[in-house]
Amino acid sequence: MELVTPIVSEVQRRGDDAVREFSKKFDKADLSQIVVDPNTLAAPVMDDSIRTAFDVAYDNIRKFHIAQTREELIVSPMDGVECRRVSRPIERVGLYVPGGTAVLPSTAMMLGVPAQLAGCTEIVLATPPRPDGSVCPENLYAARKCGVTKILKAGGAQAIAAMAFGTDSCPKVDKICGPGNQFVTAAKMMLQNSGEASVAIDMPAGPSEQLCIADSTSNPSFVVSDLLSQAEHGVDSQVVCVALDGFDENRFAEELKVQLEALPRKEIAEVALSKSVFLRVRDFEEAVRFTNLYAPEHLVIAVDDPEVYVEKVINAGSIFLGHYTPESVGDYASGTNHSLPTYGYARMYGGVSLDTFVKYITIQKLTPQGLLNVGPHVEIMAAVEELHAHKNAVTLRLSHLQQS
C-alpha cells in the first residue's frame, strides 16, 4: 500500500498528466493520447490462425456465460403480496488486462464477454501500451469483438486510479474487474474502500497460483506441465503439488528439470518455483483438507477418478478434472472464466461471471388485501423497534381501508 498510495493520489489530483508520467516511467511509453476508441483504430493485422483461435474462444466463453442469465423471479409469499427480483447491468465498468511480462488478450475476452452480455453501456479496457504507444493487436481485436467503448493505455495502480476517479479523457466507472500484480490488487482493494472513488471491485485477483492433486494414476509429465503453466506467469506466482502414496516423485523431478529447461520463460518460472511447495499427504482426506485450507485459484485433480474429490472441495476458484483437462484450457477457450480469486480469497469469493456485471433490484407490490394480511405484523415489529414512523405508514393505510 505504501508504494501504491502516492500513485493513486497523484492520479486523483492531476488526472491525465499523472497517468502519462507513470506510463512513461513504468511502461516506457510516451503518450499524447491515453484513451482511444477501439472502433476508430485501424483493424488489427493478425494471422488467420490467431483470429480463428480467438473466435473459438469467444464463442465458447459466450455460450457458457449466456447460460448464466437469470429469469425475473416472481414470488407471492402470501395472498396479495408479490415480490420480484430483476437484474440490471452495471452501467460503467472497467476491465483491467495485464500486460507486464506477457500480453494477455485472453483476459480481455474473459472480462469483455460477460460485460457485453450483461449490457454494460460503458466498457473501459485498461492495458499497458507497447513502448511505441500502440495497443497489442490481439487486445484490440478482443476489445472490438466484445464491444469495448474505450481503451485506456495504462497499466498498474495508475490505470486502476484513473478508472476509479475518472480523468478528463477516461470515464469514471462504477466497478473495476480483472486480475493483476500485487500493485494492481492493492490499488483495487484500497479504492473500493474510498468514499471519494465510490467504486466496487470484482475480487482480490493477484498473482497466479495452482494446486495439483496427484496419485499413483497420475502422469508426472502432465502434472509438471500444469504446474509450470502457472509458474511461468510471474515471479510472484506459486504452485503446489499435493502427492498421495504411489505418485512417482522421481519421474516428477526428472520431468520438472527437462520441461523447465525448455521454457523461454525459464528464469521467471524458477523464481516462482523457489516459493512453491511439494507436499506429501497420507490419504484422500488429508489432500482435501489441505486443499480447502489453501483455497487455490486453480485446482487440478489429475487422477483416474477425480469426481470423488469434487463434492468435498469447498474452496477453489476453478477445478480441472482428470488427465486430459490441462489448466490451460480454462485460461483460454473451454468457456469458463479465468479471472479468479487468489491469496486464499476463494474461501469467500467466486470467479468472474455474468453476475459480476449485473446487480439485482427487488420489487414488491401489495393489493389492499395484501396489506390487510401483512400490515398488522409490520405494525407490531415496528413498535418493537420503536420506529413509530414506520408503524404509522402502515397504520394510516389500514385505517383508510377499514373506513372505506
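The values are calculated or read from the model by the stated rules, or taken from the named source; none is laboratory data. Small disclaimer: the values here were computed from a predicted structure and weren't measured. Here Cβ is always computed from backbone atoms with ideal geometry, including for glycine, and neighbour counts include all displayed protein chains. Remember, those area values only see protein heavy atoms, side chains included, never the ligands or the DNA or RNA. Shrake-Rupley method; radii C 1.70, N 1.55, O 1.52, S 1.80 Å.
General remarks:
- Over all pairs of different C-alpha atoms, segment 51-205 has a mean inverse distance whose reciprocal, the Kirkwood radius, equals 16.5 Å.
- The convex hull of the Cα atoms of segment 76-156, projected and averaged over all directions, covers 6.8 nm².
- Accessible area per residue, Å², the chain with all protein chains present, probe 1.4 Å: 48
- For the chain, the share of alpha carbon pairs falling in successive 10 Å distance bins from zero is 5, 20, 26, 21, 15, 9, 4, 1, 0 percent.
- When Rg and the Kirkwood Rh are both derived from Cα coordinates, the Rg/Rh ratio for segment 1-142 amounts to 1.10.
- Greater than 26 Å apart at Cα, pairs in Lys24/Lys266; Lys63/Lys172; Lys63/Lys266; Lys63/Lys312; Lys25/Lys188; Lys153/Lys188: Lys24/Lys266; Lys63/Lys172; Lys63/Lys266; Lys63/Lys312
- Glu285/Glu249 FRET efficiency (R0 25 Å; Cβ-Cβ; nearest 0.05): 0.75
- The relative contact order of segment 232-275, computed from alpha carbon pairs under 8 Å that lie at least 6 residues apart in sequence, is 73 percent.
- Entry note, the chain: the mean residue ellipticity at 222 nm calculated from DSSP H runs of n ≥ 4, each adding -39500 (n - 2.57), is -13000 deg cm²/dmol after division by the residues and rounding to the nearest 500.
- Alpha carbon convex hull of segment 279-404, projected area averaged over orientations, nm²: 13.7
- Added length on full extension, which subtracts the Cα-Cα distance from 0.36 nm per residue, Glu196 to Lys266: 20.9 nm
- Helix 220-231 axis, angle to the chain major axis (alpha carbon atoms, nearest 10°): 60
- Between helix 156-165 and the chain: long-axis angle, C-alpha atoms, 0 to 90°, nearest 10: 20
- To put it simply, the accessible area of segment 294-352 at a 1.4 Å probe is 54 percent carbon and sulfur.
- For segment 174-277, size of Cβ-based charge dipole, Lys and Arg +1, Asp and Glu -1, in debye: 300
- GluC sites (Glu not before Pro) within segment 20-79: DSSP coil, no more than 15 neighbouring Cβ in 10 Å: Glu71, Glu72
- Segment 250-404: relative contact order as a whole-number percent, Cα under 8 Å and 6+ apart: 14
- In this rough spin-label picture, where each label sits 7 Å from Cα along the Cβ direction, the Ile74-Ile361 distance is 1.7 nm.
- Computed over the Cα atoms of segment 260-347, pair by distinct pair, the Kirkwood hydrodynamic radius stands at 14.4 angstrom.
- Treating r as the C-beta distance of Asp305 and Ala67 and R0 as 22 Å, the FRET efficiency rounds to 0.25.
- The calculated Kirkwood hydrodynamic radius for segment 50-109 is 15.5 Å, given to one decimal from all distinct C-alpha pairs.
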